[in-house]
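A quick write-up on the structure given underneath.
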Amino acid sequence: MAGGNAIRGTRVGAGPMGESERGESAPRRRVSYWCANGHEVRPSFALDAEEPEMWDCPRCGLPAGKDQESPPDPPRNEPYKTHLAYVKERRSDADGEAILEEALAKLRAQRGE
Ligand SMILES: [Zn+2]
């Protein structure tokens with residue numbers, strides 16, 4: 001048995017994802033993306049890898065594009081919702097109508113109708 005085998009053995013599984021050797025030694029290039037909020041994110045890619053058209057902004061979650069002048073539009077679901085919006089989403093239409101009726105009934109009662 002050669003002396004180097006024991007040392008080689010300890011290297012197996014050294015990187016938790018098995019990426020440490022691959023990622024650090026390979027030449028990388030950075031590509032800039034901009035989101036609609038003006039954040040710049042610069043992920044790095046392997047030289048021979050094709051960079052994606054879009055990249056998720058790690059700061060606000062919006063899609064970021066390579067064109068700083070015209071970043072991609074934010075997705076339709078807004079990041080900030082009112083409590084009412086969440087309630088509406090969770091409940092069925094029938095539930096919503098029942099709640100509305102109840103609220104109207106209370107209002108009418110308060111106004112003495
Ligand atoms: Zn952003």
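The values are calculated or read from the model by the stated rules, or taken from the named source; none is laboratory data. Since the model is a prediction, treat every value here as computed from it, not as a measurement. Reconstructed Cβ throughout: ideal geometry from the backbone, glycine too, with neighbour counts over all protein chains shown.
Being within 19 Å of the chain's Cα centre (by Cα), more than 16 Å from the ligand (Cβ to nearest atom) and either modelled with pLDDT under 95 or small (Gly, Ala, Ser) (or both): is that true of Lys88 here? So Lys88 fails the test.
Only residues that are among the hydrophobic types (A, V, I, L, M, F, W, C) and part of a strand (DSSP E or B) were counted across the range 23-46, and they come to 5.
Yes or no, residue by residue, for (1) at pLDDT below 65; (2) surrounded by 13 or more Cβ atoms within 10 Å (Cβ to Cβ); (3) in a helix (DSSP H, G or I):
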site	(1), (2), (3)
Arg8	yes, no, yes
Asp48	no, no, no
Glu69	no, no, no
Arg76	no, no, no
Pro79	yes, no, no
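Does the range 26-68 hold any residues that are under 14 Å from the mean Cα position of the chain (by Cα) and either away from the ligand (no atom under 14 Å from the Cβ) or at positive phi (or both), and which are they? Of everything in the range 26-68, just one residue is under 14 Å from the mean Cα position of the chain (by Cα) and either away from the ligand (no atom under 14 Å from the Cβ) or at positive phi (or both), namely Gly61.
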